[in-house]
Amino acid sequence: MIGYLIYDKETFEKNRDVLPLYFESAKKHELFLQALILEEMEFIYDNENIQILSNNIQLPMPKFVINRTRQFFVGEFFEQLGVKVFNDSKVTRITNDKRLAYNEIGRIGIPVMKTVVNFTPQKEVPFYPIIAKNPFGHGGNEVYLLNDSIQRKEMNMKYNAVYQKPCNNPGRDVRVYVIGNEVVAAILRISDNDFRSNYSLGGNVSIYDLSEEEKRIVEKIIKHFTFGMVGVDFIFDDGKFVFNEIEDVVGARMLYKTTNIDIIDLYMKHIAVNMNQILI
């Protein structure tokens, strides 16, 4: 059963070291996995005939796709052809645009910090300090703490930023790893010198035990989506979980660092079970 593991070029280069884990686990679960770089692919439409090429070589139609590009077009394209995509295009579209993610999560009653979205970069925001975020950013990049309108003007943001009230417990958050409808593990990230606690930015990590209330919040999000594998991130305000973001193309290095959990193997098992159910 052939499947494509698709990255953009930049993400592919950053994840070369984890590719063997995908290939070994795929083989273990009787899947054949081929890694592709989106920038090397072509999609050719000729009436009812559709060709998929990589470096000018025609590829067979896959049975499934693991979309690691953050581009929902990739998922939608294959879904239109009847191919199963992990994560599906709806998850990719919503989770990679913070404007959509906060709206979606807020609608199902999950706590979110007060948020302002406007479409005129020069328009003043109603409160300070603020956390300004690129709506399409990830990994803690393009996230800024601004104390007043002078700092905001100095940033000279070219995109339609998302502005949020800061939480009162900065530098501390939890990532909950999810596969399908199951919580795999939760990791606490702490930074002593930055309001962002991302592992990639130097945050310290340790295993975290979810409280019953925190489990309830996570389960509510899980039931609302159809996840493949994601990381659901929460910050703390007054010591309580507040939704921060969902990482569609979630990294697993800090999970391998702190636990014996092989999340990539669990993910490939999930895909194999899911695909076998579809074929039955």
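The values are calculated or read from the model by the stated rules, or taken from the named source; none is laboratory data. All figures in this text were calculated on a predicted structure; none of them were measured in a lab. Quick reminder, even Gly has a Cβ in these numbers, built from the backbone with ideal geometry, and neighbours come from all protein chains shown.
Kindly indicate the residue of region 34-66 that is polar (S, T, N, Q) and touching a helix residue (DSSP H, G or I) at 6+ places or on another chain (Cβ under 6 Å) and also nearest to E76 (Cα to Cα) among those meeting that condition. In this case the residue turns out to be S54. Would you be able to say whether some residue in region 46-53 is free of Cβ contacts under 8 Å to residues at least 60 places away in the same chain, surrounded by 17 or more Cβ atoms within 10 Å (Cβ to Cβ) and of a type outside the set (F, W, Y)? Scanning region 46-53, I find at least one residue that is free of Cβ contacts under 8 Å to residues at least 60 places away in the same chain, surrounded by 17 or more Cβ atoms within 10 Å (Cβ to Cβ) and of a type outside the set (F, W, Y), so the answer is yes. Return a yes/no flag: does region 52-67 have any residue that is in a loop (DSSP other than H, G, I, E, B) and either closer than 23 Å to H224 by Cβ or assigned by TED's automatic domain parsing to the domain that holds G140 (or both). No - not one qualifying residue is present in region 52-67. For the residues V91, V85, V116, the requirement of being in a strand (DSSP E or B) and under 30 Å from D237 (Cα atoms) singles out V116.
Got a number for residues in region 175-198 being modelled with pLDDT of 90 or more and part of a loop (DSSP other than H, G, I, E, B)? Spell out the reasoning first.
Within region 175-198, the subset modelled with pLDDT of 90 or more is 175-190.
Remaining after also requiring part of a loop (DSSP other than H, G, I, E, B): 180-181.
Count: 2.
Of all residue pairs spaced 6 or more apart or on separate chains, those with beta-carbon atoms under 6 Å, a first member in region 207-220 that is over 13 Å from D233 (Cβ atoms) and a second member that is at pLDDT 95 or above are L210/A186. Please verify whether region 162-174 includes one or more residues that are over 23 Å from T69 (Cα atoms) and part of a helix (DSSP H, G or I). For region 162-174, residues over 23 Å from T69 (Cα atoms) and part of a helix (DSSP H, G or I): absent.
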